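The values are calculated or read from the model by the stated rules, or taken from the named source; none is laboratory data. Please read these numbers as outputs of a predicted model, since none were measured by experiment. A quick note on method: Cβ atoms are made from the backbone with ideal geometry, for glycine too, and the neighbour counts reach across all protein chains shown.
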Amino acid sequence: MLNSPLPKYLTDKKNIVRLIMLTALFAVVFINIYAPFGLETIYELSDWEFLGISSIIILTGVLVVVISRVIMYHRSKRTQLLVWQYIIWVFAEVLAMAIFYTLFEKLFIQDSRFILDLLKISMKNTTLVLFLPYSVLWLYFSWQEKKQQLQRLAEETSMGVDTTKKMIPMYDEKGVLRFSVKVEHLLYLESADNYVNIYYIDKGKTARFTLRNSIKRLEALLKNAQVIRCHRSYMVNFEKVKILRKDRDELILELDGPSNIEIPVSKTYAQNVMETFTHYSLSH
């Protein structure tokens, strides 16, 4: 799970803006209602003074998140982020905001407490302030993504589109539809322990979607599609196979994709692959 690719909806520009705005709103409301930092009692601040100070803190904290998310957005465009990297990234955001709040208390409010004690309290409070909106928004973005996928699939079905030919649905181990891709965009599937990486073409580039399932289960589900097993760890979309070659004692499939993709063929599946390749060669 931690080594899985980070879902794209978490680095989507619109969702990043939503995350920043809703997190800031929640933090302002949370701090002013529950007053977790105790400023108004320690320094005898009025409600308006406390609102002003807390708003400054939140706006600065939001600036930290803005800078962080802009960096994350551009980083995700170059390389695929993993879930564990995202978790560390969020922890770094919490730490940066906690350090700012600690310095704010020490330098501007002149809190007499030991700086490490202030940092410890700040880490705890900042984590509480950010954890709920971050978690809720992650779940919401995930639900929204799945809902859109299901709506697209339902629309195609209602329009009389033959989804068995035009779209290939991918279900997880519980039988829930998690991903659907057009036949002409699908490249191959790769087994990764309890997950399967689905490689497909998106905007002219090779993209990946990770599904919790086994390649054996998917082989049974895709038996009526042109996606066949060629190796213990691989299944390929034969619509994308352009070359079958023998490299010493090994068969290799070259796929027609944005980059050079070579998939090995094991002896167990060699006969079926050869027959399928012959069939496609004669029918196309």
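Of note:
- Any pair with Cβ under 8 angstrom, 6 or more apart, that starts in segment 135-151 at a residue that is within 15 Å of L19 (Cα to Cα) and ends at one that is surrounded by 12 or more Cβ atoms within 10 Å (Cβ to Cβ) and among the aromatic types (F, W, Y): F141/Y9; S142/Y9; Q144/Y9
- Candidates in segment 228-271 are the residues that are out of contact with any strand residue (DSSP E or B) (no Cβ under 7 Å at 6 or more places or on another chain) and touching a residue at least 40 places away in the same chain (Cβ under 8 Å); of these, the one that is surrounded by the most Cβ atoms within 10 Å (Cβ to Cβ) is E239.
Listed here are the residues, each with its yes/no results for (1) in the same structural domain as V28 (by TED's automatic domain parsing); (2) closer than 20 Å to A24 by Cα; (3) loosely packed, with under 13 Cβ neighbours inside 10 Å; (4) modelled with pLDDT of 75 or more.
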| position | (1), (2), (3), (4) |
| --- | --- |
| I56 | yes, yes, yes, no |
| R69 | yes, yes, no, yes |
| I88 | yes, no, yes, yes |
| M97 | yes, yes, no, yes |
| F104 | yes, yes, no, yes |
| L107 | yes, no, yes, yes |
| F114 | yes, no, yes, yes |
| M123 | yes, yes, no, yes |
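- Per-region count, segment 229-244, residues under 12 Å from P264 (Cβ atoms) and among the polar types (S, T, N, Q): 1
- Figure legend. Inter-residue proximity from segment 71-93: first residues without any contact (Cβ under 8 Å) to a residue 60 or more places away in the chain and under 21 Å from T127 (Cα atoms), second residues basic (K, R) and in a helix (DSSP H, G or I), beta-carbon distance below 9 Å, spacing 6+ or different chains. Indicated pairs: E93/R69.
- So M274, is it surrounded by 13 or more Cβ atoms within 10 Å (Cβ to Cβ), assigned to a helix (DSSP H, G or I) and among the hydrophobic types (A, V, I, L, M, F, W, C): yes
- Filtered residues of segment 226-284 (kept if of a type in the set (D, E, K, R) and over 28 Å from the mean Cα position of the chain (by Cα)): K242, R245, K246, D247, R248, D249, E250, E254, K267, E275
- When Y200, Y188 are screened for being hydroxyl-bearing (S, T, Y), assigned to a strand (DSSP E or B), without any contact (Cβ under 8 Å) to a residue 24 or more places away in the chain and surrounded by 12 or more Cβ atoms within 10 Å (Cβ to Cβ), only Y200 passes.
- Test: I20 is touching a Lys or Arg at 6+ places or on another chain (Cβ under 7 Å) and either within 14 Å of P133 (Cα to Cα) or modelled with pLDDT of 70 or more (or both): yes
- Selection status of K146, in the same structural domain as F238 (by TED's automatic domain parsing), at pLDDT below 85, over 21 Å from D256 (Cα atoms) and touching a strand residue (DSSP E or B) at 6+ places or on another chain (Cβ under 9 Å): no
- For segment 94-113, residues that are touching a helix residue (DSSP H, G or I) at 6+ places or on another chain (Cβ under 8 Å) and part of a helix (DSSP H, G or I) total 12.
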